[in-house]
Each structure stands twice: as C-alpha cells, then as structure tokens.
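**Student:** This is the structure I want to talk about, given as structure tokens.
The values are calculated or read from the model by the stated rules, or taken from the named source; none is laboratory data. From a predicted model like this one, the values you see are computed outputs, not experimental measurements. Neighbour counts are summed over all protein chains in view; Cβ atoms, including those assigned to glycine, are modelled from backbone coordinates with ideal geometry.
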C-alpha cells in the first residue's frame, strides 16, 4: 500500500492512479474528498469516482462535483434504521436470501414482478398476537384454522386475491422462506409479506376486523361494515 496525502498528485501517482479503473475518496473530511477525486480525474479522465459526503450542508458542492457516486453514511444508516422499524423481519429475510442459489432468487423476482407489475414493491411484517392481529389471534384461540391463503384474500371479494404474498415465516426459532399458502397459522408466528402498498393496507382489515375475517373464511360476516357490504354487491 501507499502512505501519503491523497489530495496530492505525487501520492496518487505512486498509487498508479493513471492505470486505475476507479477511485474511492472516503475520508471524514469533505474538502479532502472532493480534492482527491478532482486531482485524480485530472490525472485519469476515465476514472470512476466514488466520494463520501459527511455533511448535508455540502450538498451543493457534491452535486456539482461530477462524481459518479456520492455516498452519505448518515443517510444510509438512517434509511436502514427506518426500514428495520417498518419491517423488522426484512433484514433477517435478506440474510437468509444469501443462502439461496441464483435460480431460486430469479424465481422469487418473477413472482414479485407478477404480483406488483411495474409498481413499487412494499413490505410489512407482523406477529400473530392480540396487539397486532386481534381478529386472527382471537379466531385461532377459539379453535379456527386460518391459513396464509386466507390472509391473501380481498376483504371485499373473497374470490379474488390480494397482490401480495409471504416472504418469510418465523416460528419458534425456525425460519421458512416463501412458506406455502396452505400453511396453518399459529399464535406467535412472525410473518413478512411483500406486495402492493394498497393491498398490504387492505390486508389489515382481515388481521384486525373479526367480521372481515369471517367473510374471507366462510363468506358470512354477521354484522359487516356497511361500506364493505356495498362494495361486495358491485362485483368489482
């Protein structure tokens, strides 16, 4: 390796930047990082440049730097934290994904594409519990058998399916990727679903509302929401 100040041409020359394909400027100093890529580009105009932006206040300078990639560590960490808060099982799913081969991953991507089309895929996780899924929890506790397929029905038309499907089931420490639709749910199950945002929102009716759950299970709901009853009569 080469020791020296990366902002100086002599150091970059010693590191053979003229023969390099790319350069990463990742110091904790924004001015140094910009200086490094500008000096390096003068020596090798074909370089792919990756630069670290440490402070949001320097956004304008980095936007005008013509760097190929600008990395913002704070923003990246915040995004990961937000994703973890919204979908706690997503990180676990991505870890498990590394154990699968390319064919399996392509099959999954095709299924996601068929489900959401050109729309953005969203994800949501929940636990079969009184707090998060009260309708399903009470039904299972009362002896009802509820499968994953039941959670994929449209709350206003049980003959149609929501554009979503399960990515992961965690049960008593065991992890199953893309579990089968006929899998019977148990109290305490942790589930990660993906699909269209609107359909994941519709799924909440099944998870939280007992009348809606009864409807998707057997076609009757006793005392249904009047708006949902009206929608069902439209056959849409």
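**Student:** Filter the range 47-65 down to residues that are outside any strand (DSSP E or B) and touching a residue at least 24 places away in the same chain (Cβ under 8 Å) and give me whichever is surrounded by the most Cβ atoms within 10 Å (Cβ to Cβ). Explain how you work it out, then say what you get.
**Tutor:** Restricting attention to the range 47-65, the residues satisfying the condition of being outside any strand (DSSP E or B) are 47, 53-65.
Then keep just the ones that are touching a residue at least 24 places away in the same chain (Cβ under 8 Å); that gives 47, 54-55, 58, 61-62, 65.
Numbers: 47: 18, 54: 17, 55: 13, 58: 15, 61: 13, 62: 21, 65: 19.
For the range 47-65, the residue satisfying everything is 62.
**Student:** For the range 137-198, list the strands (runs of 3 or more DSSP E) that sit wholly inside it and hold at least 3 residues that are in contact with a helix residue (DSSP H, G or I) (Cβ under 8 Å, 6 or more places away or on another chain); which are they? It would help to see each step written out before you state the result.
**Tutor:** Numbers: elements: 157-161, 164-171, 174-177, 190-195.
In the range 137-198, 157-161, 164-171, 190-195 are the strands (runs of 3 or more DSSP E) which contain 3 or more residues that are in contact with a helix residue (DSSP H, G or I) (Cβ under 8 Å, 6 or more places away or on another chain).
**Student:** Can you name the residue in the range 120-136 that is assigned to a loop (DSSP other than H, G, I, E, B) and either closer than 15 Å to residue 196 by Cβ or in contact (Cβ under 8 Å) with a residue 12 or more places away in the chain (or both) and, of all such residues, is nearest to the chain's Cα centre (by Cα)?
**Tutor:** 121
**Student:** Please work out if residue 61 is in contact with a helix residue (DSSP H, G or I) (Cβ under 9 Å, 6 or more places away or on another chain) and either modelled with pLDDT under 90 or under 30 Å from residue 122 (Cα atoms) (or both).
**Tutor:** yes
**Student:** Moving on to the next point. Going by the conditions given, is residue 91 under 30 Å from residue 192 (Cα atoms) and either modelled with pLDDT under 85 or outside the structural domain of residue 177 (by TED's automatic domain parsing) (or both)?
**Tutor:** yes
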